[in-house]
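Everything on this sheet refers to the single structure shown next.
Every read-out reported here was derived from the displayed coordinates using simple, explicitly stated rules and does not represent laboratory data. Keep in mind it's a predicted model, so treat the numbers as computed, not measured. Note that each Cβ is placed from the backbone with ideal geometry, even for glycine, and that neighbours are counted across all protein chains shown.
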């Protein structure tokens, strides 16, 4: 190993106290740190990878700055190799940090609302999306409690999200699928989803097929509608649910319809008249019983889904999550997960400062 001088006095030791127990041992177990060559410890290796993830420079710039700071003396090629082998280790750290957030107190009345969504990332100069980050945000703490990095071929679905008794998964139209809904209900959770007009089959109390558009047509602006519906799975099991809807004011409805027209014109597609009609409403599907959540409260709860959109914007603007610098799939995945580790550590640091420690971190005995 080449000679390395100790980095200047800083707060990296505080970051280490926030990492999950056993993270150094996992570096060896998952083959991220195999032998002393370019770095003398898993700590230096992790610091180098996280620094590369949040810095604006490429591999060469990262290694030059790391050498100047006394973190590690490593060539760009060597760092690229470490990125390709450190993905499982970074993924384990991120999952453990998420698990800490999932163990926090539940929402009142035994419910824990969680916003679920995904965002995509591209390779350099790519004209299409290449990676997808599946993400869940605990709305009681505004912290990520689960994530998964996949290729863009892996689509969105509630069945991917870990769920437990009392969870309420809140998501947009793309997640309104029978398979995902049944998976959540089987785990003891509930769903609150935005609906499309061309949704799956739903029946009324008499067993007749109903559509959300037919139910909401008589709503007035500001009025909240609530209708019981039933869906049947492949084994003929009947699931009770509700459609809750609100008619939008004319200016907001016009804005939504104009957006539909622009997108259709851009793609040279013809708009279905029912899409324009549906744009005048917010139609929600939920398995939460009326006695547990009033229709107005259902609409208020769905509004908090935008918190996950804000989280994605924060990650992409502040942490530059959308600027993927690597074409190698393994290196790219490690870089993405490293960004998420940084985001999770920032969330943990903020919570400690806000809730427990005036100085922002726990003190260890000498």
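Using only Cα atoms, find the angle between the long axis of helix 250-267 and the longest principal axis of the chain, and express it within 0 to 90 degrees, rounded to the nearest 10.
Here the helix axis deviates by roughly 70 degrees.
Determine, from the Cβ-Cβ distance of residue 291 and residue 252 and an R0 of 35 Å, the FRET efficiency 1/(1 + (r/R0)^6), rounded to the nearest 0.05. Display every interim value, and only then the final one.
On the way: r = 31 Å, r/R0 = 0.88.
That gives a FRET efficiency of 0.70.
Could you check which residue among 114, 37, 173 shows the biggest mean-square fluctuation in a GNM of the chain with a 10 Å Cα cutoff?
37
Pop a pseudo-label 7 angstrom from the Cα along the beta-carbon direction at both residue 233 and residue 206 and give the gap in nm to one decimal.
Each label point lies 7 Å from its Cα, and together they span 2.9 nm.
Between helix 42-54 and the chain, what is the angle of the helix's C-alpha long axis to the longest principal axis, kept within 0 to 90° and rounded to the nearest 10?
50 degrees
Using only the Cα atoms, what convex hull volume per residue in Å³ does the range 100-233 have?
That works out to 163 Å³ per residue.
For the chain, compute Rh as the Kirkwood radius over C-alpha pairs and then the Stokes-Einstein diffusion coefficient at 25 °C and 0.890 mPa s; write the answer in µm²/s, rounded to an integer.
Numbers: Rh = 23.0 Å.
Answer, rounded: 106 µm²/s.
Round to the nearest 0.05 the FRET efficiency obtained for residue 55 and residue 220 when R0 = 45 Å and r is the Cβ-Cβ distance.
My answer for the efficiency is 0.25.
How tilted is helix 87-102 with respect to the longest principal axis of the chain? Cα atoms for both, answer in degrees (0 to 90, nearest 10).
On a 0 to 90 degree scale, this one is about 50.
Largest first and to the nearest Å, give the Cα extent of the range 173-304 along each principal axis.
Each principal axis gives a Cα extent; for the range 173-304 these are 42, 31, 30 Å.
For the pair residue 262/residue 31, report the inter-label distance in nm, with labels modelled 7 Å from Cα in the Cβ direction.
Label at residue 262, label at residue 31, 4.9 nm between them.
Once you put a point 7 Å from the Cα of residue 99 and another 7 Å from the Cα of residue 323, both along the Cβ direction, what distance in nm separates them?
3.4 nm
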